[in-house]
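J.: For reference, the structure I am asking about is given below.
The values are calculated or read from the model by the stated rules, or taken from the named source; none is laboratory data. In this text the structure is predicted, and so the values were computed from the model without any measurement. With ideal geometry, Cβ positions are generated from the backbone for all residues, glycine too; neighbour counts draw on all protein chains shown. Side chains included, ligands, DNA and RNA excluded: accessible areas come from the protein's heavy atoms. Shrake-Rupley method; radii C 1.70, N 1.55, O 1.52, S 1.80 Å.
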Amino acid sequence: MTTSSEKRSGSRIDTERALLVLEDGRVFTGTAFGAIGQTLGEAVFSTGMSGYQETLTDPSYHRQIVVATAPQIGNTGWNGEDGESHGDKIWVAGYAVRDASPRASSWRATGTLDDELERQGIVGIAGIDTRAVVRHLRTVGSMKAGVFSGDALADTDTLVDRVRNQPSMLGADLAGEVSTETRYTVDPIGEARFSVAAIDLGIKTNTPRNFAKRGIRSHVLPSATTFDEIVALKPDGVFLSNGPGDPATADHIVGVTREVLGAGIPLFGICFGNQILGRALGRSTYKMTFGHRGINIPVIDHATRSVAITAQNHGFALEGEAGEEFDTEFGRAIVSHTCANDGTVEGIKLVDGSAFSVQYHPESAAGPRDAEYLFDQFIDLLDGQK
């Protein structure tokens, strides 16, 4: 990504021409939003009506240009509390919106969204028909894209070539690019009940906070962590976080997960972690047409037949069918949850309860909170093991 941070005159929402270019040649014309320059990534859309700051700072969106389906973005500005990445880094490759608010209208705001995008060098585009973009992506599928403004603008053929020549998300090994480089600890609130080795594949900050308020100390570890390094911490359980990229490339952490399962250490995974556990149990993964991204996606728990409205962000999924049981070398396993919209696998577990995972985000940032009980379920597992 190349950007220019030159100060712009007039409205904070720039009137300079910008283009969103898709790999199939579709071009959408708007105005520059955030930094000026060029950015490349996979075009995806998020259906959340709120929580854009949590979306932009979610490491799972690394190398993706997010198209917001909500028509107005930025009206609550930016604040120093709602970021979901370690250090409040914006991870999206680019941002495409319809109506960008020129001012922040919230007592919590420390600045505008436009200012923060510019400060962090995130190239965006405003003023486009996001309904048309989303309908196209839902029909054709997520695809390579680019946002261009300023000196990065060129003729359409040149821009399409730039877009097509970037690496594909299929086969992309990205967890190591967003993971912490050094181990750090998040202490519990009050008395420590348990400790967990949390493998950072792109972890959101609200996950250790959810552990902390339940009395769990989180040792957040780099994605390259070995099983021996985990065992040296003597954790009560292991957690596999969310993260970006193609799970088919994550052979190292799949191998570590198999060692964890073999040792009988309780395990809980979310999102990318669900795909890792699935692979460790012998399941394969595939790239979805346009994925699930938003905070309003219904999931069926097949043990209780209850439905939770969930936050999700994934473009890959596990192969499987609702309620499907299968043998693994670690015991019998079952597909525990599926999406009510399209039947996508949303959860998997060992029948003995020693390991389970879900495809969605129970840490509820930016909401909803229907699935927070899964943290309590993990506590029960740790308590029983103890």
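J.: Looking only at residues that are of a type in the set (Gly, Ala, Ser) and in contact (Cβ under 8 Å) with a residue 12 or more places away in the chain in the range 79-102, which one is most open to solvent (accessible area, probe 1.4 Å)?
T.: Top of the filtered list is 80.
J.: Give me the pairs, please: first residue somewhere in the range 191-212 and over 26 Å from residue 250 (Cα atoms) and acidic (Asp, Glu), second residue anywhere and open to solvent by less than 10 Å² (accessible area, probe 1.4 Å) and outside any helix (DSSP H, G or I), beta-carbon distance under 9 Å, and either six or more positions apart or on two chains.
T.: 191/215
J.: What are the pairs with Cβ atoms under 6 angstrom where one residue, in the range 62-73, is in the same structural domain as residue 44 (by the TED database) and the other, located anywhere, is acidic (Asp, Glu) and open to solvent by less than 40 Å² (accessible area, probe 1.4 Å)? Sequence gap at least six, or different chains.
T.: 64/42
J.: Scan the helices (runs of 4 or more DSSP H) fully inside the range 173-279 and keep the ones with 3 or more residues being of a type in the set (D, E, K, R) and surrounded by fewer than 24 Cβ atoms within 10 Å (Cβ to Cβ).
T.: Helices (runs of 4 or more DSSP H) meeting the threshold: 251-263.
J.: Please verify whether the range 266-288 includes one or more residues that are within 22 Å of residue 195 (Cα to Cα), in contact (Cβ under 8 Å) with a residue 40 or more places away in the chain and of a type in the set (Phe, Trp, Tyr).
T.: Within the range 266-288 (the criterion being within 22 Å of residue 195 (Cα to Cα), in contact (Cβ under 8 Å) with a residue 40 or more places away in the chain and of a type in the set (Phe, Trp, Tyr)), the answer is yes, since at least one residue qualifies.
J.: Could you tell me which of the residues 315, 343, 323 is more than 23 Å from residue 142 (Cα to Cα) and open to solvent by 10 Å² or more (accessible area, probe 1.4 Å)?
T.: Matching residue, one of 315, 343, 323: 323.
J.: Return a yes/no flag: does the range 321-334 have any residue that is closer than 26 Å to residue 62 by Cα and of a type outside the set (A, V, I, L, M, F, W, C).
T.: no
J.: Please specify each residue of the range 340-352 satisfying the condition of being among the small types (Gly, Ala, Ser) and either within 14 Å of residue 281 (Cβ to Cβ) or without any contact (Cβ under 8 Å) to a residue 24 or more places away in the chain (or both).
T.: Result: 343, 347.
J.: Right, here's the next one. Run residue 375 past the list (1) over 15 Å from the mean Cα position of the chain (by Cα); (2) of a type in the set (Phe, Trp, Tyr); (3) open to solvent by 20 Å² or more (accessible area, probe 1.4 Å) and report the number of the one that doesn't hold.
T.: (3)
J.: Considering only the range 45-61, state which residues are farther than 11 Å from residue 84 by Cα and in a loop (DSSP other than H, G, I, E, B).
T.: Matches in the range 45-61: 47, 48, 49, 50.
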